[in-house]
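Chemist: Encoded as structure tokens, here's the structure I'll be asking about.
The values are calculated or read from the model by the stated rules, or taken from the named source; none is laboratory data. Just so you know, these numbers come straight off a predicted model, no measurement behind them. Here Cβ is always computed from backbone atoms with ideal geometry, including for glycine, and neighbour counts include all displayed protein chains. The area values use the complete protein model at the heavy-atom level, side chains included, leaving out ligands, DNA and RNA. Shrake-Rupley method; radii C 1.70, N 1.55, O 1.52, S 1.80 Å.
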Amino acid sequence: MTTLFISDLHLEESRPDVTRAFLDFLASRARGAERLYILGDFFEAWIGDDEHTPLQNQVAEALNSVSSSDTRVFLMHGNRDFLIGEDFCSRSGAQLLDDPAVIDLYGSPTLLMHGDTLCTADVDYQKFRINMRNPQWQAAFLKRPLADRQMVARQLREMSMARTKGKRESIMDVTQEEVVRVMEEHNVQQLIHGHTHRPAVHELEANGRPAKRLVLGDWAENVWWIESAPDREPELKKEPLQTS
Ligand code: MN
């Protein structure tokens, strides 16, 4: 019995090796797992469930084959793919998960997040995020023709790259006080998130007791995942991504 966590695959057409690694991961490690949690930035970009690219179809089918066996699949939005909707989820047999969400991980209440909301020092980004998550903006955006949406997504990506370039490293990471604050707000001693691409296991103190923050890595060079089983501490694992 295991539960797996992954995030930040950033699946896109230009990285068929990452898609292949994911399909391998599904066929090997995820088979027989009890639950698979995908904690955001699964796709590099998402402009609506009606796009149906071959990559999206292939991924939905593969997920569906796993979720129709015994593995429950959960999907959380990231800052890249926050427009993934119910249609893609039903095609994949995945369940959309709120950010944040508290789950019972074999007896340990565990907080799951994508991680972008923890980066409170990045004030620009937090303002931008509020706009992007506005339901009215999203509804209006999703009504626009696909070609329009593709163009807007490209522009947003360029803007994001330009913005990120000049920022200090510390601004791009989580704020420690915010980590402690959310852990105390949800009364948990364990947090799992991605987003920062800084895979690590951090020991800290929250609620006046020892606590742990597990950070998933992105899949650019390695396959990163967290594996959890009853009577075992969750473990951060990696494997080199087979490039070709
Ligand atoms: Mn992210």
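Chemist: So the check is Cβ under 7 Å with 6+ separation or different chains; which pairs have a first residue in the stretch 1-19 that's over 15 Å from ALA229 (Cα atoms) and a second one that's surrounded by fewer than 21 Cβ atoms within 10 Å (Cβ to Cβ) and of a type in the set (D, E, K, R)?
Modeler: Listed by first residue and then by second, the contacts come to ASP8/ASP218; HIS10/GLU44; HIS10/ASP218; LEU11/GLU44; GLU12/GLU44.
Chemist: Another one. Just one of the numbered conditions (1) in contact with a strand residue (DSSP E or B) (Cβ under 8 Å, 6 or more places away or on another chain); (2) open to solvent by 40 Å² or more (accessible area, probe 1.4 Å); (3) away from the ligand (no atom under 16 Å from the Cβ) is not true of PRO145; which one?
Modeler: Only one criterion in (1) in contact with a strand residue (DSSP E or B) (Cβ under 8 Å, 6 or more places away or on another chain); (2) open to solvent by 40 Å² or more (accessible area, probe 1.4 Å); (3) away from the ligand (no atom under 16 Å from the Cβ) is unmet by PRO145, namely (1).
Chemist: Here are some conditions: (1) out of contact with any Leu (no Cβ under 8 Å at 6 or more places or on another chain); (2) more than 30 Å from VAL66 (Cα to Cα); (3) without any contact (Cβ under 8 Å) to a residue 60 or more places away in the chain. ARG91 meets all but one. Which one does it not meet?
Modeler: Of everything listed in (1) out of contact with any Leu (no Cβ under 8 Å at 6 or more places or on another chain); (2) more than 30 Å from VAL66 (Cα to Cα); (3) without any contact (Cβ under 8 Å) to a residue 60 or more places away in the chain, ARG91 misses just condition (2).
Chemist: Is the stretch 192-203 home to any residue that is touching a Leu at 6+ places or on another chain (Cβ under 6 Å), touching a residue at least 40 places away in the same chain (Cβ under 8 Å), under 23 Å from ASP122 (Cα atoms) and crowded, with 19+ Cβ neighbours inside 10 Å?
Modeler: Yes, some residue in the stretch 192-203 is touching a Leu at 6+ places or on another chain (Cβ under 6 Å), touching a residue at least 40 places away in the same chain (Cβ under 8 Å), under 23 Å from ASP122 (Cα atoms) and crowded, with 19+ Cβ neighbours inside 10 Å.
Chemist: For the stretch 208-219, give me each residue that is surrounded by 15 or more Cβ atoms within 10 Å (Cβ to Cβ) and assigned to a loop (DSSP other than H, G, I, E, B).
Modeler: Hits for the stretch 208-219 are LEU216, GLY217, ASP218, TRP219.
Chemist: Here is a follow-up. So for the stretch 120-134 (the condition being under 21 Å from GLU51 (Cβ atoms) and either within 16 Å of the ligand (Cβ to nearest atom) or surrounded by 13 or more Cβ atoms within 10 Å (Cβ to Cβ) (or both)), does at least one residue qualify?
Modeler: yes
Chemist: Hey, can you tell me all the residues within the stretch 159-191 that are without any contact (Cβ under 8 Å) to a residue 60 or more places away in the chain, β-branched (Val, Ile, Thr) and farther than 20 Å from LEU236 by Cα?
Modeler: Across the stretch 159-191, the qualifying residues are THR164, ILE171, THR175, VAL180.
Chemist: Looking at the stretch 85-107, which of the residues that are open to solvent by 40 Å² or more (accessible area, probe 1.4 Å) and under 13 Å from the mean Cα position of the chain (by Cα) is nearest to ARG181 (Cα to Cα)?
Modeler: PRO100
Chemist: Moving on to the next point. Considering only helices (runs of 4 or more DSSP H) fully contained in the stretch 92-207, which possess at least 3 residues that are modelled with pLDDT under 95, basic (Lys, Arg) and out of contact with any His (no Cβ under 6 Å at 6 or more places or on another chain)?
Modeler: 146-165
Chemist: If you scan the stretch 220-232, which residues turn out to be in contact with a strand residue (DSSP E or B) (Cβ under 8 Å, 6 or more places away or on another chain), of a type outside the set (S, T, N, Q) and either assigned to a strand (DSSP E or B) or touching a residue at least 24 places away in the same chain (Cβ under 8 Å) (or both)?
Modeler: VAL223, TRP224, TRP225, ILE226, GLU227, ALA229
Chemist: Wholly within the stretch 1-86, which strands (runs of 3 or more DSSP E) include no fewer than the required count, namely at least 3 residues that are within 16 Å of the ligand (Cβ to nearest atom)?
Modeler: Those strands (runs of 3 or more DSSP E) span 35-39.
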